[in-house]
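The values are calculated or read from the model by the stated rules, or taken from the named source; none is laboratory data. Keep in mind the model is a prediction, meaning the values are calculated, not measured. Don't worry about glycine lacking a Cβ; one is built from the backbone with ideal geometry, like all the others, and counts go over all protein chains shown. Each accessible area value is taken on the protein alone, full model and side chains, heavy atoms only, with ligands, DNA and RNA left out. Shrake-Rupley method; radii C 1.70, N 1.55, O 1.52, S 1.80 Å.
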Amino acid sequence: AAEMWRVVYWLHGMNLENMINQSLATESWTLAGIGYAIKAYDWDMLTKLHGELPMKQAFEPGRLSHDYDYQDEVYTQVREWAKTAIEYLEMDDQSGMEGSLKEADLMYGGKKDKWIKFAHSVIVRNLASLTNKNNFASDYAQDLITHAEAAMTINADNATIAMPGGAGEAQFSSYNNCWGVYRGTTS
């Protein structure tokens, strides 16, 4: 749970916010959509682990203390971010980033249809955790069904990152085992 806190507030944190903002500024809709999908996933996982947490004030510059937001507010915002991701991913992207996303996107290789399914799946996971609520059938069930029809359905849609290894010829040294001779971590 602490690692997810670190991911949302530190590792992704402002890096993800900057990626989204810069993508919007350059009309790189696909990258903005990917950013929102990751953001929705991150915050959904974090609130499920921690409940209430600072969301609205999370990245305000100069702030040294934060008010906590209730979990239901975070849940609602997660769905909004995922829906925003879908909107951007469905837009025609003329930014010319498709080629670089094929190489840089280690999860889906820039395939927008897979990211759209991922975002729908985030909404499904979010709503599925509300099934014990008294108002689930009236307020959430139909939305869950609608998004489930567009979510991941086969193993090829799974959000995975292949680590091919490759010894000295690996694209990134982190592809190799930490204890192996190609990482420079042994003495």
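Protection proxy ranking for 154-160, 52-58, using the average of other Cβ atoms within 10 Å per residue and placing the highest first: 52-58, 154-160. For Leu53, the residues whose modelled amide H falls within less than 5 Å of its own, excluding neighbours fewer than 5 places apart on the same chain, are Asp69. The alpha-carbon atoms of the chain, seen along their principal axes, cover 58, 40, 34 angstrom, with the largest extent given first.
In the context of the full protein assembly, Tyr36 retains an accessible surface of approximately 40 Å², using a probe radius of 1.4 Å and ignoring ligands and nucleic acids.
Taking the chain as a Gaussian network of alpha-carbon nodes connected by springs under 10 Å, the highest mean-square fluctuation of the residues Gly110, Gly62, Gly33 belongs to Gly62. Across Asn126, Asn135, Asn21, mean-square fluctuation computed from a Gaussian network of the chain (C-alpha pairs under 10 Å connected) peaks at Asn135.
In this label model, Ser95 and Leu49 are separated by 2.7 nm, measuring between points 7 Å along each Cα→Cβ vector. For the pair Lys56 and Asn21 in one chain, pulling the backbone fully straight at 0.36 nm per residue adds 11.0 nm over the alpha carbon distance. Measuring between alpha carbons in the structure, the pairs from Lys56/Lys83; Lys83/Lys111; Lys48/Lys102; Lys48/Lys117; Lys48/Lys83 lying more than 25 angstrom apart are Lys48/Lys102. For a quick check, take a GNM of the chain with Cα springs below 10 Å and name the residue from Leu64, Leu16, Leu24 with the largest mean-square fluctuation. Largest GNM mean-square fluctuation: Leu64.
When its C-alpha radius of gyration is set against 2.2 N^0.38 Å (N residues), the stretch 56-151 gives a value of 1.34. Among the helices of the chain, those built from whole DSSP H runs whose Cα atoms reach 15 Å or more along their own axis and whose mean Kyte-Doolittle hydropathy is at least 0.0 are 29-50.
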